[in-house]
Amino acid sequence: RMLCGGKKSCFAATVCIVTLTSMVTLSYLRLQRPSHQPKIIYEVSKCRGEITNSAITPLTDNRTFIVSAYFDNREGKVTRVIGIVHHEDVKELFCWFCCQPNGKTYVSKATIDVHSDRFGFPYGAADIVCLEPENCDPTHVSIHQSPLGNIDQLPSFEIKNRKAEPFPVDFTVCISAMFGHYNNVLQFVQSMEMYKILGVQKVVIYKNNCSHLMEKVLRLYMEEGTVEIIPWPINSHLRVSSEWHFSMDGKDIGYYGQITALNDCLYRNMQRSKFVILNDADEIILPLKHPDWKTMMSSLQEQNPGTAVFLFENHIFPESISTPMFNILSWNTVPGVNILNHVHREPDRKDVINPKKMIVDPRKVIQTSVHSVLRAYGNSVNVPMDVALVYHCRKPLQANLPRESLIRDTTLWRYNSSLIMNVNKVLYRSVL
């Protein structure tokens, strides 16, 4: 009682002691928690890390695979690295920035954001995000499991999108991934020529493998400047499934790492394309009310201001049902499907939602999946089917349906004369 000097004084002293103890404890914990702010580790005269141009680079843990690094100032000054990680085994990663001309090396602890659409596979697409040093605009970054080490021994990745530039193209199509010794040459050429008629200027293809004949066609499109090939040797690093869900095929990663490739393509074209189209080589977003994508997107943007993502319903035009209106003799020797002869689509299945494919404003998207975006700054809008649909010519999903049950849809024939002429030119130039 004499120590406290009364009940009130005793209570006040107790509160003071508890408060002081709490403050000391919190300060200690704060010191123990790794700071995400970049710290100078050491100074060097020159940044010597080995610059890698590989499409997929494994780190020494063999649980982390780096694809590309991008500057992203939409939520602060950060480097966003697109990669593939084991969702459980990879706990910590660090970004190593070397700043010139002062030669200081900064290390920043990464936030590892594994995309939610992993579909049960142990490996998935991931954003490895690090704050950049304040007084430095680094051109390259290294990723390491530790904040300690020698930067000279780490692979170094160019940080793309550092400079904002006027968009050289309006539409870029991202195709991922070409695999299985792809040899559907005729349909590929038809899709490419339809994309060009509709307004595409660039097609980016993540190529795992394809036939020798397909290589010749790709080379032609690369030479004319339409196609950009990103090598995609993912099966050199992981056990790859051609299925989309782990329950169907228990490998390391699904569908040849398609989601990682799509995200890389999105960021790769963020500063160079007004719109990015995410679809497969056997799919065409086909306008019904407009002649091309430019007029369609102008109309859709006017009706939906601030929208980031436009979703188009996928509809199957089974390759098993043929309407032989355009049997062009020179095409008969080319492997693949002639889409002009497939103008019947399957009706909607009861209680089944048709998957969507997308045209997005890449600057408003943070993470994408295959049929929707996971994170974006704007809204997603479902485009009505009377405006446009995804023409998807492939094996039927409803194989037992009689022909009478299918819906005749000849929208593709509006483009037939231009398409035939352009396809013939490509096949002639490819010496097929």
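The values are calculated or read from the model by the stated rules, or taken from the named source; none is laboratory data. In this text the structure is predicted, and so the values were computed from the model without any measurement. Cβ placement follows ideal geometry from the backbone for every residue including glycine, while neighbour counts extend to all protein chains displayed. Ligands, DNA and RNA are stripped out before the accessible areas are found, and what is left, the full protein with its side chains, is counted by its heavy atoms. Shrake-Rupley method; radii C 1.70, N 1.55, O 1.52, S 1.80 Å.
Of all residues in the stretch 296-325, those being part of a helix (DSSP H, G or I) and β-branched (Val, Ile, Thr) number 0. For the residues ILE112, ILE128, ILE143, the requirement of being open to solvent by 10 Å² or more (accessible area, probe 1.4 Å) and either modelled with pLDDT of 95 or more or within 21 Å of PRO231 (Cα to Cα) (or both) singles out ILE112.
Determine if the stretch 93-102 includes at least one residue that is touching a Ser or Thr at 6+ places or on another chain (Cβ under 8 Å), in a loop (DSSP other than H, G, I, E, B) and either acidic (Asp, Glu) or under 30 Å from VAL240 (Cα atoms) (or both). The answer is yes, given that some residue of the stretch 93-102 is touching a Ser or Thr at 6+ places or on another chain (Cβ under 8 Å), in a loop (DSSP other than H, G, I, E, B) and either acidic (Asp, Glu) or under 30 Å from VAL240 (Cα atoms) (or both).
Listed by position, the strands (runs of 3 or more DSSP E) contained in the stretch 155-210 that have at least 2 residues being in contact with a helix residue (DSSP H, G or I) (Cβ under 6 Å, 6 or more places away or on another chain) are 169-178, 202-207. For the stretch 220-236, indicate whether the set of residues that are without any contact (Cβ under 8 Å) to a residue 24 or more places away in the chain, under 19 Å from SER369 (Cβ atoms) and assigned to a loop (DSSP other than H, G, I, E, B) is non-empty. No, the conditions are met nowhere in the stretch 220-236.
Within the stretch 363-371, none of the residues are surrounded by fewer than 20 Cβ atoms within 10 Å (Cβ to Cβ), touching a Gly at 6+ places or on another chain (Cβ under 9 Å) and in a loop (DSSP other than H, G, I, E, B).
Residues in the stretch 347-359 that are open to solvent by less than 10 Å² (accessible area, probe 1.4 Å) and out of contact with any helix residue (DSSP H, G or I) (no Cβ under 8 Å at 6 or more places or on another chain): LYS357, MET358. Looking at SER176, SER146, SER156, just one residue is under 21 Å from the mean Cα position of the chain (by Cα) and of a type in the set (S, T, N, Q), and that residue is SER176.
Quick one: would you say SER330 is open to solvent by 20 Å² or more (accessible area, probe 1.4 Å), within 18 Å of GLU283 (Cβ to Cβ) and more than 30 Å from the chain's Cα centre (by Cα)? For SER330, the condition - open to solvent by 20 Å² or more (accessible area, probe 1.4 Å), within 18 Å of GLU283 (Cβ to Cβ) and more than 30 Å from the chain's Cα centre (by Cα) - is not met.
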